[in-house]
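Visitor: So that we are looking at the same thing, I have put the structure below in structure tokens.
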Amino acid sequence: MMEGHEVIVLDNMFTGRKKNVQHWIGHPHFQMIIGDVVNPLYMEVDQIYHLACPASPPHYQYNPIKTIKTSTEGTLNMLGLAKRVKARMLLTSTSEIYGDPEVHPQPETYWGHVNAIGPRACYDEGKRVAETMMYAYKKQEGVDVRVARIFNTFGPRMHPNDGRVVSNFIILAQEGVDVR
């Protein structure tokens, strides 16, 4: 934004908090829309960064159907937008697409060891379908796509009780628990 790029954020606020972007509110190149990717979106954009979907196990297991819809219908809607306006699209995916891997570390050629009906399946399988849709749109419709598989992250403004491995280690360490 400091270089003149306009940024539109779409968030349903299921896991997001307005205070996370409070420092941008009022900036002439920033717009916040409270909405949901599961609904079609009509606007003009050059790039789409599809980050939607709760990634924390307590959050995505809270409403598994909504989690699946975010990854599938949400991705389909964002791909439709990318196709209409000829925008480049990035999907943030996850290492969870590998399921409970039998190979460490996982090379890009590893297809995984998955459980399609387990408690994590709403997230894992939704992201697998989202990746498949991305590459189908690239091949069939010529949409310019990228997929980034994010592994175990933690950063500013994340909730400390997020439920993922890095935040869990940080909390345990702060409580003086031996994490070895």
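Visitor: With unit charges on the beta carbon (Lys/Arg positive, Asp/Glu negative), name the residue among Val114, His27, Thr75 whose Cα is farthest towards the positive pole of the charge dipole of the chain.
Guide: His27
Visitor: Which of the trypsin sites (Lys or Arg not before Pro) across segment 28-105 are loop residues per DSSP, with 13 or fewer other Cβ within 10 Å? Let's see the in-between values first.
Guide: Working: sites: Lys66, Lys69, Lys83, Arg84, Lys86, Arg88; in loops: Lys86.
Taking segment 28-105 and a limit of 13 other Cβ atoms within 10 Å, the loop trypsin sites (Lys or Arg not before Pro) found are Lys86.
Visitor: In addition: Taking only pairs that are 8 or more places apart or on different chains, how many Lys pairs in the chain have Cα atoms under 18 angstrom apart?
Guide: On the way: Lys66/Lys127; Lys69/Lys127; Lys83/Lys138; Lys83/Lys139; Lys86/Lys138; Lys86/Lys139; Lys127/Lys138.
Lysine pairs satisfying the spacing and distance rule in the chain number 7.
Visitor: Using only Cα atoms, locate the centre of segment 56-97 and the centre of segment 104-180, then give the distance between them in Å, rounded to an integer.
Guide: 12
Visitor: Mean-square fluctuation check for the chain, GNM, Cα pairs under 10 Å: which of Val165, Val45, Val145 is largest?
Guide: Val165
Visitor: Grab the other residues whose beta carbon is less than 12 angstrom from that of Ile25, score K and R as +1, D and E as -1, and report the net. Present the calculation step by step, with values, prior to reporting the outcome.
Guide: Values: positive: Lys18, Lys19; negative: none.
Result for the neighbourhood of Ile25: +2.
Visitor: Need the full-extension length gain, Leu51 to Ile25, defined as separation in residues times 0.36 nm minus the C-alpha distance. One decimal, nm. Walk me through the intermediate numbers first.
Guide: Working: separation 26, 0.36 × 26 = 9.36 nm, distance 1.95 nm.
Length gained between Leu51 and Ile25: 7.4 nm.
Visitor: Oh, and also: Can you give the longest stretch of the chain with no exposed loop site, where a site means GluC sites (Glu not before Pro) in a DSSP loop (not H, G, I, E or B) with at most 16 other C-beta atoms within 10 Å? Write down the numbers at each step before the final one.
Guide: Details: sites that count: Glu3, Glu6, Glu44, Glu102, Glu108, Glu175.
Between the exposed loop sites, the longest stretch runs 109-174.
Visitor: Report relative contact order for the chain in percent, whole number only (criteria: Cα-Cα under 8 Å, sequence separation at least 6).
Guide: Numbers: 253 pairs, mean separation 36.5, N = 180.
Once divided by the residue count of the chain, the mean separation gives 20 percent.
Visitor: Which helices pass in the chain if a helix is a full DSSP H run, must span at least 24 angstrom along its long axis by Cα, and must have mean Kyte-Doolittle hydropathy not below -0.5? List each step's numbers first, then the result.
Guide: Values: long enough: 64-85 (31 Å, -0.04); 121-141 (28 Å, -1.09).
Those that pass (Cα extent of 24 Å or more, hydropathy at least -0.5) are 64-85.
Visitor: Can you tell me the length gained on complete extension of the stretch Trp111 to Asp178, counting 0.36 nm per residue apart and subtracting the Cα distance?
Guide: Extra length available between Trp111 and Asp178 comes to 20.7 nm.
Visitor: Select from segment 127-180 those chymotrypsin sites (Phe, Trp or Tyr not before Pro) which occupy a DSSP coil region and have at most 16 other Cβ atoms within 10 Å, ordered by residue number.
Guide: On the way: sites: Tyr135, Tyr137, Phe151, Phe154, Phe169; in loops: Phe151, Phe154.
Passing sites in segment 127-180 are Phe151, Phe154.
Visitor: Chymotrypsin sites (Phe, Trp or Tyr not before Pro) within segment 1-63: which are DSSP loop residues with at most 11 other Cβ atoms inside 10 Å?
Guide: Details: sites: Phe14, Trp24, Phe30, Tyr42, Tyr49, Tyr60, Tyr62; in loops: Phe14, Tyr42.
Answer by residue number: Tyr42.
Visitor: Also: Can you give the extra length, in nm with one decimal, that the chain gains between Tyr135 and Glu102 once fully stretched, where that is 0.36 nm per residue apart less the Cα-Cα distance?
Guide: Values: separation 33, 0.36 × 33 = 11.88 nm, distance 2.52 nm.
Computed gain between Tyr135 and Glu102 is 9.4 nm.
Visitor: So what is the accessible area of the chain per residue, in Å², with the probe set to 1.4 Å? If you can, show how the numbers build up before the last one.
Guide: Values: 11430 Å² over 180 residues.
Result: 63 Å² per residue.
Visitor: Could I ask something else about it? In terms of modelled amide H atoms, which long-range or inter-chain residues lie less than 5 Å from the amide H of Thr94?
Guide: Result for Thr94 returns Ile150.
Visitor: With each pseudo-label sitting 7 Å past Cα toward Cβ, what's the Arg84-Val7 distance in nm, one decimal?
Guide: For Arg84 paired with Val7, the spin-label model returns 2.4 nm.
Visitor: Heavy atoms only, probe 1.4 Å: what % of the accessible area of the chain goes to carbon and sulfur, would you let me know?
Guide: Working: 6290 of 11430 Å².
Answer for the chain: carbon and sulfur cover 55 percent of the accessible area.
The values are calculated or read from the model by the stated rules, or taken from the named source; none is laboratory data. Everything quoted here is computed from the prediction, not taken from an experiment. Reconstructed Cβ throughout: ideal geometry from the backbone, glycine too, with neighbour counts over all protein chains shown. Remember, those area values only see protein heavy atoms, side chains included, never the ligands or the DNA or RNA. Shrake-Rupley method; radii C 1.70, N 1.55, O 1.52, S 1.80 Å.
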